[in-house]
Amino acid sequence: MLDLSPDKILVTGGAGYIGSHTVVALMEAGFDVYVVDNLSNSNIEVLNGIEQITGKRPLFENIDCTDYVAMDKFFTKHEGIKAVIHFAASKAVGESVTVPLKYYRNNVVGLVNLLELMPIHKVQGLVFSSSCTVYGQPDILPVDETAPIKKALSPYGNTKQICENIIFDTVHANNALKSIILRYFNPIGAHPSALIGELPNGVPNNLVPFVVQTAAGVYKKIRIFGDDYNTPDGTCIRDYINVMDLAEAHVSAVKRLIDKDLTMPEVFNLGTGKGLSVMELIKTFEAVTGMRVPYEIVGRREGDIEQVWANPTLAQKVLKWKAKTSVEDTLASAWRWQQHCMEAKNDK
Ligand code: NAD
Ligand code: WQD
């Protein structure tokens, strides 16, 4: 009999920033979504936001992906999963330098467990969260998927390179497995409803959460790490992509994984194709929100690359996906989320 039930997708790290937005996009695309997350960098309330947006609460289990037995039990309990999107990882570049083994264990063992368990439980497709960090400072801009992978500048970046290699080797050895590797540039913003966003856990590492919290008065000013780079205004350039646009790319990738017989992993850069400097981002945020963001120019941050932005044409051609949200609308969504978080804090 024809099985017309929705395809089941496991999202590891689905309570996290990009994962939660992808869960919303998957549910709205009609998928039956299962979330596994150990809440090491998120909290269970995110599921409330997902439910408010979609009208349905995804199935959630608090499991550590590095726990083979627990993951095996999960797959046994929930047979019929068609694909996995693997977001679960540690992602703070600076922290990875001070506690590298935490990153190697968490990011590599978690993936190895999945790749061992998927064929056992007849789960064929894996979408892997990678990062443009694997390119280091590209020699040619915009950077496309054929650009050389350079020596990682951090243990975190190295875990992404190692995981990509593990996926290539494992798929080559096991034709029951298919994979799509997505290299994200700089995800920013929040769901338009402001019901989910990037949780402000501790002091932000990334630029946009710092800009938003400085505008909100949490910090007196933001430090701009260097204005002596070889760029038009001297500050670093990045490709800032709307998190919901990024989420939609995962829906396209999962559909491709389910429909196509991919004999080797496919790799896609997920960016807008446009570069924006730190100073341009701050000025755009101020113009969009009417808020001031005091700043101080300080020395360069170790490990920062000067400029990188994507050539996103392969994803446009193959995944039929293109980032469509303007940076203005994206920064406005980040500000709405910050205001939502402040209101929620005041209500407690
Ligand atoms: P995040 O920290 O918000 O989300 C990761 C989620 O995974 C969190 O909810 C955390 O609790 C969970 N998690 C971590 N280790 C786990 C484990 N062992 N078992 C179960 N759950 C675990 O991070 P994010 O920004 O949403 O990033 C998601 C993925 O995208 C990561 O793999 C990250 O490396 C990658 N990525 C992020 C960015 C970015 O700028 N945010 C850029 C490129 C790539
Ligand atoms: C952007 C620009 C900073 C904060 C990192 C990881 C990458 C990925 C995305 C996980 C840089 C400048 C920042 C501040 C500043 N994460 N900046 N003052 O470094 O491009 O990428 O996050 O995969 O792997 O490396 O993002 O937001 O930290 O910095 O001047 O307080 O903003 O120097 O030029 P980055 P970012």
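Summary of computed values
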{"item": "Conditions (1) surrounded by fewer than 19 Cβ atoms within 10 Å (Cβ to Cβ); (2) away from ligand 1 (no atom under 14 Å from the Cβ); (3) closer than 16 Å to HIS340 by Cβ: number failed by LEU199", "result": "(2)"}
{"item": "Which listed residue, of PRO119, PRO187, is in a strand (DSSP E or B), open to solvent by 10 Å² or more (accessible area, probe 1.4 Å) and within 30 Å of LYS8 (Cβ to Cβ)", "result": "PRO187"}
{"item": "Answer from LYS283, LYS320 - the residue that is of a type outside the set (Val, Ile, Thr) and in a loop (DSSP other than H, G, I, E, B)", "result": "LYS320"}
{"item": "The stretch 216-266 - residue that is open to solvent by less than 30 Å² (accessible area, probe 1.4 Å) and free of Cβ contacts under 8 Å to residues at least 60 places away in the same chain and, of those, nearest to ligand 2 (Cβ to nearest atom)", "result": "THR235"}
{"item": "Complete set of residues in the stretch 323-348 that are in a helix (DSSP H, G or I) and free of Cβ contacts under 8 Å to residues at least 40 places away in the same chain", "result": "GLU343, ALA344, LYS345, ASN346, ASP347"}
{"item": "ILE162 being aliphatic (A, V, I, L, M), at pLDDT 95 or above and part of a helix (DSSP H, G or I)", "result": "yes"}
{"item": "Number of the condition not met by SER20 [criteria: (1) of a type outside the set (Phe, Trp, Tyr); (2) open to solvent by 20 Å² or more (accessible area, probe 1.4 Å); (3) within 24 Å of ASN186 (Cα to Cα)]", "result": "(2)"}
{"item": "Residue selected from the stretch 49-61 under the condition more than 13 Å from ligand 1 (Cβ to nearest atom) and of a type in the set (A, V, I, L, M), by the criterion most open to solvent (accessible area, probe 1.4 Å)", "result": "LEU59"}
{"item": "Residue within the stretch 273-285 that is open to solvent by less than 30 Å² (accessible area, probe 1.4 Å) and out of contact with any strand residue (DSSP E or B) (no Cβ under 8 Å at 6 or more places or on another chain) present", "result": "yes"}
{"item": "Leading residue by the ranking (surrounded by the most Cβ atoms within 10 Å (Cβ to Cβ)) among those in the stretch 90-108 that are part of a loop (DSSP other than H, G, I, E, B) and within 13 Å of ligand 1 (Cβ to nearest atom)", "result": "LYS91"}
{"item": "In the stretch 181-208, residue farthest from LYS322 (Cα to Cα) [restricted to those that are near ligand 2 (Cβ under 8 Å from one of its atoms) and free of Cβ contacts under 8 Å to residues at least 40 places away in the same chain]", "result": "PRO204"}
{"item": "Qualifying residues in the stretch 23-48 (those that are in a helix (DSSP H, G or I) and surrounded by fewer than 20 Cβ atoms within 10 Å (Cβ to Cβ)) - the one nearest to ligand 1 (Cβ to nearest atom)", "result": "GLU45"}
{"item": "Residues located in the stretch 49-71, provided they are out of contact with any strand residue (DSSP E or B) (no Cβ under 7 Å at 6 or more places or on another chain), acidic (Asp, Glu) and outside any loop (DSSP other than H, G, I, E, B)", "result": "GLU51"}
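The values are calculated or read from the model by the stated rules, or taken from the named source; none is laboratory data. Computed from a predicted structure; not experimentally measured. Cβ: placed from backbone, ideal geometry, glycine included. Neighbour counts: every protein chain shown. To get the accessible areas, we keep the full protein, side chains included, count just its heavy atoms, and leave off ligands, DNA and RNA. Shrake-Rupley method; radii C 1.70, N 1.55, O 1.52, S 1.80 Å.
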